[in-house]
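Scroll down for the structure; my scribbles are underneath it.
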Amino acid sequence: MKTGCIENDEEQCDSALGWIARFRADDASASDREAFALWLSENPSHRQVMDDMLELWDDLSVVSALPFPDTITQAAANESRWWIGSAAAAAACLVAALVLWPLGEPASEPVHFQTAMGEQKTFELDDASRLTLNTNSRISVSYHDDQRQLLLESGEAFFEVTPDSNRPFHVDAGSARVTVLGTAFNIERTETSTEVTVTEGIVRVTELRTGTQAPRSSTLRANERLAATAEGLGDTTSVDDDRDTAWRRGELVAYGMTLPELASELERYSDTRLRFGDADVASLSVSGVFRLDDPQATIAAVALSLDLDIKPVDDHTVLLLKAPR
């Protein structure tokens, strides 16, 4: 058991010690410093954990490695409330002061943005960040003195975040919280999962959970993705971000996509329903680039490439069948 850590905080204590050891090596990169700031900002409990762990080390190099201006460091050091008697403890509190302040009230009521089915729309936020919503999506935005807090209630969104080390940018979506200081990334929320794809910079994805077990976190960099479910965070995988965010161009990029997967994607953008004559047809897959605003053209192209017939069922449903021989 580590000093100052209860059993359920063991993982956080290990993380704090890992950061201290990383900065003692004197070769920490800019991305290391940014990831450290994200770790500090993702959970208020990390303040006390870092305090406890710094008391175990007779070294203050972690403070000098922080990615913040000297003026901020000096201002925080002058705050008497952080001076608690020993150099190590004061340094620990300074770390917390630079990134985590007590949660304040929002500067204004949350602002809501949404799109209709088939609509994509870009909004410029008050901090000059840009938010692009995909089809049938809804999000709320609140600003505090110490953080920018968003809630993706449904759908998919692409974020281009203006850097602000004093106000981390948090997006809660389903079972995950995404924390950034300034970067570009995509979040798709479904009924069962939250998928995060980074196109630029670095983000930290943290489980949103209640109970005694400490939430797990993962750091994602450009061209990486993971999915979070009620069971936890999935593995990080490398991706082609041009494909994953093709919806911003009004396109669907398919590489070996099964026809049921294609049908599910098309149903996000229109009321056209694609059904299949039998299991053999449903097992077929397709590759290509398709327009999201013209489902009929997409279905026609798929039928032509796979030698299938199209049979209208009603005004909104078509059936794909094997073409007669």
Q. Given the conditions (1) within 18 Å of residue 111 (Cα to Cα); (2) in contact with a Gly (Cβ under 9 Å, 6 or more places away or on another chain), which single one is not true for residue 194?
A. (1)
Q: State yes or no: is residue 195 at pLDDT 95 or above, surrounded by 18 or more Cβ atoms within 10 Å (Cβ to Cβ) and part of a strand (DSSP E or B)?
A: yes
Q.
I need a count of the residues in the range 119-137 that are closer than 27 Å to residue 264 by Cα and surrounded by fewer than 16 Cβ atoms within 10 Å (Cβ to Cβ).
A. 4
Q: For the range 168-180, enumerate the residues that are polar (S, T, N, Q) and in a strand (DSSP E or B).
A: 179
Q: Show the residue pairs that are 6+ apart or on different chains and have beta-carbon atoms under 8 Å apart, the first residue being within the range 230-255 and touching a residue at least 12 places away in the same chain (Cβ under 8 Å), the second being among the aromatic types (Phe, Trp, Tyr) and surrounded by fewer than 17 Cβ atoms within 10 Å (Cβ to Cβ).
A: 243/255
Q.
Given the options 230, 279, 297, name the one that is farther than 24 Å from residue 182 by Cβ and assigned by TED's automatic domain parsing to the domain that holds residue 134.
A. 230
Q) In the range 206-223, which residue that is in contact with a helix residue (DSSP H, G or I) (Cβ under 9 Å, 6 or more places away or on another chain) and part of a strand (DSSP E or B) is surrounded by the fewest Cβ atoms within 10 Å (Cβ to Cβ)? A) 221
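A quick yes/no check of all residues on (1) among the aromatic types (Phe, Trp, Tyr); (2) part of a strand (DSSP E or B):
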{"site": "247", "(1), (2)": "yes, no"}
{"site": "255", "(1), (2)": "yes, yes"}
{"site": "265", "(1), (2)": "no, no"}
{"site": "269", "(1), (2)": "yes, no"}
{"site": "274", "(1), (2)": "no, yes"}
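This table checks each residue for (1) part of a loop (DSSP other than H, G, I, E, B); (2) under 13 Å from the mean Cα position of the chain (by Cα).
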position	(1), (2)
122	no, no
136	yes, no
149	no, yes
156	no, yes
159	no, yes
163	yes, no
166	yes, no
Q. Does the range 235-243 contain at least one residue that is touching a helix residue (DSSP H, G or I) at 6+ places or on another chain (Cβ under 6 Å) and either surrounded by 14 or more Cβ atoms within 10 Å (Cβ to Cβ) or part of a strand (DSSP E or B) (or both)?
A. no
Q. What about residue 166, is it in contact with a Phe, Trp or Tyr (Cβ under 8 Å, 6 or more places away or on another chain) and either more than 18 Å from residue 115 (Cα to Cα) or modelled with pLDDT of 95 or more (or both)?
A. no
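The values are calculated or read from the model by the stated rules, or taken from the named source; none is laboratory data. On a predicted model such as this, the values are computed, not experimentally measured, just so you know. With ideal geometry, Cβ positions are generated from the backbone for all residues, glycine too; neighbour counts draw on all protein chains shown.
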